[in-house]
Amino acid sequence: MTSGIKVKDVDAYYGSVKVLEGMDFSAAQGELLGIIGPNGSGKTTLLRTIARILKPKTGAILLDGKQVMQMNNKEFSRKFAAVPQDTTINFEFAALDVVLMGRNPHLGRLELESEKDIDIARRCMELTHCWHLAERPVTELSGGERQLVIIARALTQEPKVLLLDEPTSHLDINYQIEIMELLKHLTAHEGLIIIAVIHDLNLAAQYCDRLVLLRNGKIFAMGTQYEVLTAGNIKNAFGADVIVKRHAVTNQCYVSPIPSSVKRKTVDPIASSANANANASVNANKDKTVHLICGGGAGASLMYLLTEHGYKVTAGVVNLLDTDCEVAQLLNIPVVTEAPFSPITEETFNAHVKQIEKADVVVLCNIPVGFGNLKNIEAAEVALRQKGKKLVVVEVDKIENRDFTGGEAAERVNAIKDKGAVVVTKTEDVVGVVDGL
Ligand code: ADP
């Protein structure tokens, strides 16, 4: 790829300390690339290196095939604009004057702005929805308003590449959305290349085309949100235990932390027991085992909720790499697994039935059913026949909408419901049902 920006095997140092090692990635025209990673992992340093504030010790940075380090200052400023982390301005300039400063790389020495420059500034302020602030002193603007003005200034440079360091930190959710929508628009409709350090993993997932995850100055993972934002990568890079689920409407990843109270209960049985003894309502649940027939993320929230309520939880059959599998492993929940993307074999089914035998309550989660996991419905039928066992069926969506077997799954699940299973239409209601048993 000769067009777009290419960072090739770049190492960068502060003095004698190596801070970036082997940075190697590219961003195409029209792409919004998010840089994520824990504090101190090198995100700002990476932006500073691309912005030529820090000179790479080795490697090269190319824009449309041309070495960025070999551009003269004026050429560089016409191609790259940066929005730093701290955008405080202490002088009482009018917002329009601040935006007009972005025209400097296009003006000769001592040359004043022309009508054309003012038109460009106006267009950029309209694009960033801050033209109405043109006459206001920047010192009087809110953080969100000021950020829009600073982005307008950067755009007035008419750059090909826009670099932003945490453009939404300290802003409320409305400005976070406004700014991320603006960045998306600038890439998709104005053809800019945007490289932005984004603190909030969920915003990064929602708006960035691809992500680069840094850890200790190296690229730890790179790719789409689905490739980068896995619970394993986040644990390894940030040291944080999280659940990564797909949003039901947008299918985007969303990341939520697992509270340490849950981890204590699951990871440390002694501490867990002490906790439970201190809490009578949780204590009563300690002996009950709830088994979740799940997959595709349908069981993840129940794993969390039931564990939180003090129940012992087991799960099956889920494919390895499935969200439910990741969450079960994180919460130390025994889970019967099948190979990734493979149908449930007889052997796995038998192991699943053995797991179900040990449970007091079995929950058939709101899973989509195809021929590959039809044996999970058979497992629910087995549970229904076992004496003294309660079966709960979760139907957030009607089974007919989740049946990919041509009607067999719906018929069998409806029969299970008719034979005395408790049906709930909200996942979280399972907890109340189990509490009441
Ligand atoms: P991030 O943006 O991911 O929080 P930084 O790029 O700011 O990380 O910092 C990466 C590493 O470089 C950290 O160890 C930090 O302490 C160090 N560092 C940052 N700025 C400087 C500097 N000006 N001089 C020396 N070390 C620095």
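No lab work stands behind these numbers, since they all come straight from the coordinates. Keep in mind the model is a prediction, meaning the values are calculated, not measured. Reconstructed Cβ throughout: ideal geometry from the backbone, glycine too, with neighbour counts over all protein chains shown.
Among the listed pairs Lys18/Lys66; Lys358/Lys419; Lys235/Lys390; Lys235/Lys389; Lys6/Lys218; Lys18/Lys184, give every one whose C-alpha distance is greater than 27 Å. Working shown, then result.
Values: Lys18/Lys66 25 Å; Lys358/Lys419 21 Å; Lys235/Lys390 36 Å; Lys235/Lys389 37 Å; Lys6/Lys218 16 Å; Lys18/Lys184 33 Å.
The answer is Lys235/Lys390; Lys235/Lys389; Lys18/Lys184.
Packing around the peptides 63-72, 46-55, taken as the average count of other Cβ atoms within 10 Å per residue, puts them in this order, highest first: 46-55, 63-72. Placing +1 on the Cβ of every Lys and Arg and -1 on the Cβ of every Asp and Glu, with nothing else charged, gives segment 261-435 a dipole about its Cα centre of roughly 620 debye. Think of the chain as having a plus end and a minus end, set by charges on the Cβ of Lys, Arg, Asp and Glu; of Val242, His106, Val394, Val242 sits farthest toward the positive end of this dipole. For the chain, the residue among Leu305, Gln355, Leu192 whose Cα projects farthest onto the positive side of the dipole built from Cβ charges is Gln355. Relative to the current alpha-carbon distance between Ala94 and Asn401, full extension at 0.36 nm per residue lengthens the span by 104.8 nm.
Rounded, prolate or oblate: which fits segment 165-210, taking a ≥ b ≥ c as square roots of the Cα gyration tensor eigenvalues, rounded meaning a/c under 1.5, else prolate when a/b beats b/c?
Numbers: a/c = 1.84, a/b = 1.47, b/c = 1.25.
It comes out prolate by the Cα gyration axes.
Remark on the chain: hydrodynamic radius 24.9 angstrom, per the Kirkwood mean of 1/r across alpha carbon pairs. Charged side chains reduced to their Cβ positions (Lys and Arg at +1, Asp and Glu at -1) give segment 5-257 a dipole of some 960 debye around its Cα centre.
Can you give the extra length, in nm with one decimal, that the chain gains between Thr345 and Met71 once fully stretched, where that is 0.36 nm per residue apart less the Cα-Cα distance?
Values: separation 274, 0.36 × 274 = 98.64 nm, distance 6.16 nm.
Taking 0.36 nm per residue and subtracting the Cα distance, the gain is 92.5 nm.
Can you tell me the 0 to 90 degree angle between the C-alpha axis of helix 269-278 and the longest principal axis of the chain, rounded to 10? For 269-278 against the chain, the angle is about 80 degrees. Taking the chain, the Cys residues with no second Cys beta-carbon under 4.7 angstrom are Cys124, Cys130, Cys208, Cys253, Cys325. Anyone know which of Val313, Val17, Val327 comes out most mobile in the 10 Å Cα GNM of the chain? Looking only at Val313, Val17, Val327, the biggest GNM fluctuation is shown by Val17. Once the convex hull of all Cα atoms in segment 362-437 is built, its volume per residue stands at 73 Å³.
Quotient of the Cα radius of gyration of segment 261-435 and 2.2 N^0.38 Å, N being its number of residues: 0.98. Sorted largest first, the spans of the alpha carbon positions of segment 188-233 along the three principal axes are 35, 20, 17 Å.
Taking each DSSP H run with n ≥ 4 as -39500 (n - 2.57) and averaging over every residue of the chain yields -11000 deg cm²/dmol at 222 nm.
Would you please put 31-44, 133-146 in order of how densely packed they are, using the mean number of other Cβ atoms within 10 angstrom per residue and starting with the highest?
Values: 31-44: 21.4, 133-146: 16.3.
Sorting 31-44, 133-146 by mean packing, highest first, produces 31-44, 133-146.
With the charge dipole of segment 78-220 set up from +1 on Lys and Arg Cβ and -1 on Asp and Glu Cβ about the Cα centre, the Cα lying farthest toward the positive end among the listed residues Gly217, Ala205, Leu155 is that of Gly217.
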